[in-house]
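Structure record follows, encoded as structure tokens.
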Amino acid sequence: MRVLIATQAERTHFLGLVPVAWALRAAGHEVLVASQPALGGVVADAGLPFAPVGRDHALRRVMRRYHAMGGDDEFDMAEDREEVLTWEYLLGGYRLTVPWWWRMVNDPMFDDLVALGRSWRPDLVVWEPSTYAAPVAAQACGAAHVRYLWGADVFARTRWRFLRRWAEQPESDREDPLADWLAGRAARHGVEFSETLVQGQATIEQVPACLRVPSPPGVDYLPMRYVPYNGRAVVPDWLRTPPQRPRVGLSLGTSTTDWYGGHEISLDEVLGGLSELDVEVVATLPAHEQAKLGTVPGNVRLVDYVPLHALAPTCDAMVTHGGPGTVLTGLAHGVPQLLVPHARMFDTVLLSGLVEAQGAGTVLPPEQVDPDTVGAAVRTLVNEPGPAHAARGLGREIADLPTPAQLADTLTALARR
């Protein structure tokens, strides 16, 4: 069959799609990745065919300018307090999120993606959860379609909560910014709006059960083992040599600097806290971040880039920002983590708290980061057996999920139906 992988141009979101794309290719299916032109090089590096659609979006540039001017994210899709989740809060969140995120990344690719679907005629469309142009394109050309989550499914949970509050309102007060926008775009291509355009005919879920948010009704989840893929990489010689001391990996991702212009924490303080421990620290930091550092402790190895799936198995602990790809890569290899989530980075606070609740990590809010707190937390992760035992347990739970190859068979059956 023909499978179209559709995603807006966000590198980290695409990387999570690569294992299932290759599993489908290995099963003999024809796979094509569609996104805005900016993602072409990343897709080519993954060895997958690419079809550029539409024009590049400006989301990152707009967000960096917004935060540089002192703007704040007033809506948190990971919010879990019922007293906060009022109709006014949820409606205000949709009024903000629909035009300033989902429309911004989807409108530039809508027409071209539908045209590609009608000309290439896929049997199945697999789409990243904020790429709402994809299910419209799928239904416009008669293909089956599934969402592919890269983290916690706060999308479906927020939608379910919004619709509950919406139903409680007098008809004259009901407003649905997401449905209004998506229905208008779908109608242009002969597609009628339904909630299937929001949550897919099924949803691929890579997060192990104990780290998932409660599932809203009506969502058909297809579990799949998380297989780390961090892009084109060469494993250096030093990484193939076993460390002489316990190793601590520092990986704070790229999204924080790309979206917000910097970290919420002082890297000098983090490295200062680690300098007091009898460990080897491997800090993966871009060159421009390294240039901001003062004197680096003697037990720190600075690297511009190293494949995290190769670094994690050599680590006794990791210091991370709580991003799903980084957290799951560490857990897949049974590595406990000190999690320092950026307060505004989507589901990082939520996921970090769930990891801590399982005993596989420690959460340290950015405002509490200093050399003493970092040193004490990492010392516990390295020296105490409990966190490593819990992390290995989560690693086994991840390993027990269906492989991408097994999921490929499930997706084939779904497309035939």
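The values are calculated or read from the model by the stated rules, or taken from the named source; none is laboratory data. What you see is a predicted model; the values in this text were computed from it and never measured. Reconstructed Cβ throughout: ideal geometry from the backbone, glycine too, with neighbour counts over all protein chains shown.
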* Asked: Which helices (runs of 4 or more DSSP H) sit wholly inside the range 99-166 and have at least 3 residues that are assigned by TED's automatic domain parsing to the domain that holds Trp181 and surrounded by fewer than 22 Cβ atoms within 10 Å (Cβ to Cβ)?
  -> 110-120
* Look at Leu48 and say whether it is aliphatic (A, V, I, L, M), part of a loop (DSSP other than H, G, I, E, B) and at pLDDT 95 or above. => yes
* For Ala332, indicate whether it is of a type in the set (A, V, I, L, M, F, W, C) and buried (at least 16 other Cβ atoms within 10 Å of the Cβ). => yes
* Scan the range 194-216 for residues that are at negative phi and assigned to a loop (DSSP other than H, G, I, E, B) and report the count. => 12
* Answer with yes or no whether Ala310 is surrounded by fewer than 20 Cβ atoms within 10 Å (Cβ to Cβ) and under 21 Å from Leu285 (Cβ atoms). => yes
* Taking Gln337 as the residue in question, decide whether it is under 22 Å from Arg212 (Cβ atoms), of a type in the set (S, T, N, Q), in the same structural domain as Ala377 (by TED's automatic domain parsing) and surrounded by fewer than 19 Cβ atoms within 10 Å (Cβ to Cβ). => no
* Structure fact -> Per the filter on the range 1-12, residues surrounded by fewer than 23 Cβ atoms within 10 Å (Cβ to Cβ) and out of contact with any His (no Cβ under 9 Å at 6 or more places or on another chain) are Arg11, Thr12
* To do: Could you please let me know if Leu350 is at pLDDT 90 or above and closer than 22 Å to Met77 by Cβ?
  => yes
* Structure fact -> Val234: passes all of (1) buried (at least 18 other Cβ atoms within 10 Å of the Cβ); (2) in a loop (DSSP other than H, G, I, E, B); (3) not basic (Lys, Arg) but (1)
* All but one of (1) hydrophobic (A, V, I, L, M, F, W, C); (2) over 21 Å from the mean Cα position of the chain (by Cα); (3) over 17 Å from Pro242 (Cβ atoms) hold for Val279; which doesn't? -> (3)
* Among the residues of the range 365-413, which ones are surrounded by 14 or more Cβ atoms within 10 Å (Cβ to Cβ), within 15 Å of Ala317 (Cα to Cα) and among the charged types (D, E, K, R)? -> Arg379, Arg392
* Going through the range 240-266 one residue at a time, which ones are surrounded by fewer than 19 Cβ atoms within 10 Å (Cβ to Cβ) and at pLDDT 90 or above? -> Arg240, Thr241, Pro242, Pro243, Gln244, Arg245, Pro246
